[in-house]
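The values are calculated or read from the model by the stated rules, or taken from the named source; none is laboratory data. What you see is a predicted model; the values in this text were computed from it and never measured. Reconstructed Cβ throughout: ideal geometry from the backbone, glycine too, with neighbour counts over all protein chains shown. Just so you know, the surface numbers come from the protein's heavy atoms only, side chains and all, with ligands and any DNA or RNA stripped out. Shrake-Rupley method; radii C 1.70, N 1.55, O 1.52, S 1.80 Å.
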Amino acid sequence: MQPNATIAPSTLSVKDLPWQILWHKDKCTLCGRCTAVCPVNAIELGVFRKRRIKVSLEPQGNPSSGFDIFHGIRQKTDPAYACVGCATCSLVCPNDAILPMRSDEADKLRFHINRGGQPRSRGGRRNVPGGILDQIKFIRISMLTDPALDAGRHEFEMRTLLGRILPPEQNLKFFNENGWIPPVREIYPLIIGGMSFGALSPNMWEGLQMGVAYLNEELGMPVRMCTGEGGCPPRLLRSPFLKYVILQIASGYFGWDEIIHAIPEMVEDPCAIEIKYGQGAKPGDGGLLMWHKVNKLIAAIRGVPPGISLPSPPTHQTQYSIEESVAKMIQSMYMAWGFRVPVYPKISASSTAMAVLNNLTRNPYAAGLAIDGEDGGTGAAYNVSMDHMGHPIATNIRDGYLNLVKVGMQNEIPIFAGGGVGKNGNLAANAATLIMLGASGVQTGKYIMQAAAGCLGSETDRCNICNIGRCPRGITSQDPRLYRRLDVEKVAERVVDLYLAFDMELKKILAPLGRSTALPIGMSDALGISDYYAAQRLSIKYVV
Amino acid sequence: MCRLFAMTSETPVSPMIALEAMDVMREGHDGSGVGLFLRDLGGPFEEIKNAPILSGIFSEKGLRRLDTFMMDIGFMTKYKITIKVPKIPPPGVPKRDTYLIRAYEYPEEWDDYSQSDRYEKLLEIRLQLRAMGEEKRDMIVFSFWPDVIMLKEIGDPLQVANYLKLDRNELHARVIMAQGRQNTNYAINLYACHPFFIQGYASMTNGECTAFTPIREFLLSRNYPGYTGYQSDSEIFTHILHYTQTRLGLDISAYKHIITPLQDAAIADHANAGLLKQLKQSCRRLIIDGPNCVIGCLPDHSLFMVQDRKKLRPGVVGGRPGRYAFSSEVCGLDYAVPDRDKSQDFQPMHLDTVIVGPQRQEVSICNQMQPLPPLH
Ligand code: SF4
Ligand code: SF4
């Protein structure tokens, strides 16, 4: 830019962007791979003009100057093309000549990504690192008064129940009298949370399903995966593997035409039905699949025309009151599968979550409650929803559990916790913490994407462009040129790796606590934290 | 670790046998306290089997309050044991005013009560007395039940026994349970001392129950007044026993299926697969997770022993027809029943429930893999 040119309000320099591209002229071979691969076209081939001064070595000689031209990489400063720091350019560069670096101060871009009056929307997660789960430690170590167990030698029963469990007296009575006992599934306490076919690429979805099937069939781990709101591929609906799948129904009812029609041809019942009322990442907002991702296949599965954005309403349109309509919806879902499949709602964590839970205690069909905290992920949402809306998961789970204890129903309605489990890589520790706070199990999505497919997203706003269908790893894209980067078999292998590692870590937590015969749900005496108020709030020990 | 000893005998025996057996095992406890449970009593109580006996420790003021209270609700003293103690207690034993063992006559209006009403009322009175005592710190109540005497005190078991002169005919009993404490917390609350008792069910344990917190929460939320206390994690074993028998109508052979259920694969192959699956699911919050050895006594006077799923605690049962003993260690058994066939001694493992029934003729072993008797 010329020094005297006009500058528009949104004219930014490279320094104003959150990521700056460092490019080494001497290493670059101008192969063009980086510019070709960049998912947001943040870099382009640049032509640079450089003045060269020649100094004469002769005593009387005059210096002269000339101009050289050279080619290289130029970073765009238009807010629409700002680098997202994914570092895919570095990944493909044969000479390590290019690297995105985070700016040393807060960017100015944030004030300008609302052109045309459109606030920023993106995929990913809340841009706030840290969290309370990682501050909680396990302090009740068995030592001499009761011996610690051996994670490698003792038998461990790491199963949880999903389904409405009757109180023991009633349970025995119904058993003796051949009464109806609600269906209950014994499953692994780490569930792959709802990520839809559509939000995820076909390769990613298939890889997850294959991994889950392997864990079940070969390793005897009853791992379950939720479909999210996007239906389920027709072949899976008609396959025996459906029993490892939790089908989700949400306010857009996408894919349910296909599912309902497949019921007569199903050879196995699904594991459960999850009715999504809310999502932790964007509470009070409906699901959204942007038009870029609605190709022919997705459109067919969801029963919509291709190439249009698919927003789900923030709430189920037929719902007026929780008492009547939630109960009705749960019952209709039970009815569809002859009362053989557990049906439970999923809500976003919220200060109003207890009202929902209390209502479920009076609904004899509710098979559980999944609560999704503010640190949950999403395929697409407004930035403001992700960063500022929502409720932490820890207090919601704890309050919910203690509420159930008060009415003596802590074993009857299992609570599942989601949203930020394993956010900082500590999946087993976070899961164990939530279980000891009172959750029957946890749901996780982002950790799976990171560990099983190499998602680059972070809580400090790296990548997070899952909404536009240009996922550089091929995880959240419907473009075959991108998702073919993801090897289905390798994803499945990673799913198995991460579950086995989780299983070992969980044992390494439970064994020293002297627990192996049952999952330590509500074992809050094992938890401690050095934050006095947090300890009070969660009714756990304050330790310094 | 604590040491446990229990005995069931055709002829009433002195509780000293149990305390001496405890002394033989003294390496395993630190002499910080003792608890005693006597049932199927001999001596004078033989004649008044139905009269409820109140056992506890009272200060003088507490005793006066007790008398007024019992009078008000129409209970008359029928028989009492007076325990006169030397002026100076042995080291470590606190000075108490009265160790009370007193049998009562039911009030007349109780004549119309059904058996179960009576049991509920007796429990209610014991809890009331306990609450009164806790308020003014002048009474500690261990049991209020027909044909049952309980005694708990801080100190070395044998010293306490000599101090209280327990070797008296009046205290002879056919069923005796005793526990020598290993102190794991400094301030000893007598309510934290084993054995524990509720409505005819008693148990004592060694080891610590790592799943105590959620189990306590579950029992407390059953809305049953007797499920209270929990100064010791081991009290839950007694309450789970009571819960499974009285509320669920299950037999003792099902107790282990509640506290240490089989793994899913074993359940699938079990003759009672359907029932066991339901029990495991609906009683999931009662799974104990060990490491514990539990010795208990049922209302019909049977004694039983079970181990946790990992079998991390010692425990052995042996004897001869007419007299059987349950002990943490073999040396306790040797002391109490030397004339037994030692080759028949049995150490229950992770699947076993050992029962010696009221006839005291044999040790029956019930393995969790066996079919359960039909539900009643
Ligand atoms: S880091 Fe990613 S977004 Fe930035 S230039 Fe490289 S490829 Fe493009
Ligand atoms: S790598 Fe893909 S899935 Fe991960 S944040 Fe980027 S766009 Fe989203």
Q) Taking R0 as 45 Å, what's the FRET efficiency between residue A:176 and residue A:542 from their Cβ-Cβ distance, rounded to 0.05? A) 0.45
Q.
Taking beta carbons within 10 Å but only from partner chains, what does the mean come to for residues A:148-158?
A. 2
Q: Work out how far the C-alpha atoms of region A:436-544 reach from end to end along every principal axis, then list the three figures in whole Å, largest first.
A: 52, 32, 22
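Taking a cut-off of 23 Å, what percent of all Cα-Cα pairs in region B:237-376 are separated by more than that?
Summing the P(r) tail past 23 Å for region B:237-376 gives 33 percent.
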Q.
Ignoring ligands, DNA and RNA, please state the percent of accessible area on the protein assembly as shown from carbon and sulfur, probe 1.4 Å.
A. 53
Q.
Please report, in whole Å³, the volume per residue of the convex hull around the C-alpha atoms of region B:94-190.
A. 149
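Starting from the Kirkwood Rh over alpha-carbon pairs, what translational D in µm² s⁻¹ does region A:97-229 have by Stokes-Einstein at 37 °C and 0.692 mPa s? Mind dumping the intermediate values first?
Working: Rh = 21.4 Å.
Approximately 154 µm²/s, per Stokes-Einstein.
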Q. Considering only Cα-Cα distances, which of the following residue pairs are longer than 24 Å: A:406/B:277; B:87/B:152; A:173/A:507; A:137/A:490; B:280/B:310?
A. A:406/B:277; A:173/A:507; A:137/A:490
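Using the Cα centre of the protein assembly as shown as the reference point, and only Cβ charges (+1 on K/R, -1 on D/E), how large is the resulting charge dipole? Debye, rounded to the nearest 20. The partial results should precede the final answer.
Working: 98 positive and 93 negative charges, 674 e Å.
Dipole size: approximately 3240 debye.
Please get the size of the charge dipole for chain A, origin at its Cα centre, with Cβ charges of +1 on Lys and Arg and -1 on Asp and Glu, quoted in debye to the nearest 20. Before the final figure, lay out each step's value.
Details: 56 positive and 48 negative charges, 330 e Å.
For this selection, approximately 1580 debye.
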Q. Taking N as the number of residues in chain B, what is its alpha-carbon radius of gyration divided by 2.2 N^0.38 Å?
A. 0.95
Q. What is the sum of charges around residue A:518, taking Lys and Arg as +1, Asp and Glu as -1, for the other residues whose C-beta is under 10 Å from the C-beta of residue A:518?
A. +4
Q.
Suppose only helical runs count, i.e. DSSP H with n ≥ 4. What mean residue ellipticity at 222 nm does that imply for chain A under -39500 (n - 2.57) per run, divided by all residues and rounded to the nearest 500 deg cm²/dmol?
A. -7500 deg cm²/dmol
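Starting from the exponent 0.38 and prefactor 2.2 Å, build the expected Rg for region A:14-118 from its residue count and divide its actual Cα Rg by it. Numbers along the way, then the final one.
Values: Rg = 18.0 Å, N = 105, 2.2 N^0.38 = 12.9 Å.
In units of the globular-protein estimate, region A:14-118 measures up at 1.40.
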Q) Rg and Dmax of region A:132-542 over Cα atoms: what are they, in angstrom? A) 20.3, 66
Q) Excluding residue B:190 itself, what net charge comes from residues whose Cβ is under 9 Å from its Cβ, given Lys and Arg +1 and Asp and Glu -1? A) 0
Q: Using only atoms on other chains, find how many Cβ atoms lie within 10 Å of each Cβ of peptide B:273-284 and report the average.
A: 6
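Using a 1.4 Å probe and counting only protein heavy atoms, arrange A:519, A:45 so the residue with the most accessible area comes first. Before the final figure, lay out each step's value.
Details: A:519 15, A:45 115 Å².
Reading off the accessible areas and sorting them downward yields A:45, A:519.
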**Q.** Two-site label geometry, residue A:361 and residue A:33: point separation in nm, points 7 Å out along Cα→Cβ
**A.** 6.0
Q: Determine the relative contact order of chain A: mean sequence separation of Cα pairs under 8 Å and six or more apart, normalised by residue count, in whole percent.
A: 19
(Q) Let me understand the protein assembly as shown better: what is its radius of gyration from the alpha carbons, and its Dmax, in angstrom? (A) 35.0, 137
Q. Amide H to amide H under 5 Å from residue A:196: which residues, 5+ apart in sequence or cross-chain, H placed 1.01 Å off N in plane?
A. A:229
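Using R₀ = 51 Å, calculate the FRET efficiency as 1/(1 + (r/R₀)^6) where r is the Cβ-Cβ separation of residue A:96 and residue A:266; round to 0.05. Mind showing how you got there, number by number?
Numbers: r = 52 Å, r/R0 = 1.02.
In this case the efficiency is close to 0.45.
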Q) How big is the accessible area of residue A:375 in square angstrom, nearest 10, if you roll a 1.4 angstrom probe over the protein chains? A) 20
Q: Between the alpha-carbon centers of region A:421-493 and region A:143-220, tell me the distance in whole angstrom.
A: 21
Q) In region A:14-118, how many lysine pairs have Cα atoms under 17 Å apart, counting only pairs 8 or more places apart or on different chains? A) 4
Q) Can you list, bin by bin at 10 Å, the percent of alpha carbon pairs in region A:223-346, starting at 0? A) 13, 44, 35, 8
(Q) With a 1.4 Å probe and all protein chains kept in place, how much accessible area does residue B:343 have, in Å² rounded to the nearest 10? (A) 90
**Q.** Peptide B:212-220 - average C-beta neighbours from other chains (10 Å radius)
**A.** 5
Q. Ranked from the most accessible area to the least, with a 1.4 Å probe and all protein chains present, what is the order of B:194, B:350, A:154?
A. B:350, A:154, B:194
(Q) Let's test the formula: R0 of 56 Å, r as the Cβ-Cβ distance of residue B:273 and residue A:114. What FRET efficiency results, to the nearest 0.05? (A) 0.35
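Quote the charge dipole size of region A:14-118 about the Cα centre in Debye, to the nearest 20; the model charges only the Cβ of Lys and Arg (+1) and of Asp and Glu (-1).
For this selection, approximately 200 debye.
222 nm [θ] for chain B, helices only, -39500 (n - 2.57) per DSSP H run of 4+, per residue, to 500? Walk me through the intermediate numbers first.
On the way: 10 runs with 98 residues, N = 376.
It comes out at -7500 deg cm²/dmol, rounded to the nearest 500.
What are the trypsin sites (Lys or Arg not before Pro) within region B:299-335 that DSSP puts in a loop, where the Cβ has at most 12 other Cβ atoms within 10 Å? Walk me through the intermediate numbers first.
On the way: sites: B:309, B:310, B:311, B:323; in loops: B:309, B:310, B:311.
Qualifying residues, ordered by number: none.
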(Q) What does the net charge come to around residue B:87 if you take all other residues with beta carbon closer than 13 Å to its beta carbon, with K and R at +1 and D and E at -1? (A) +2
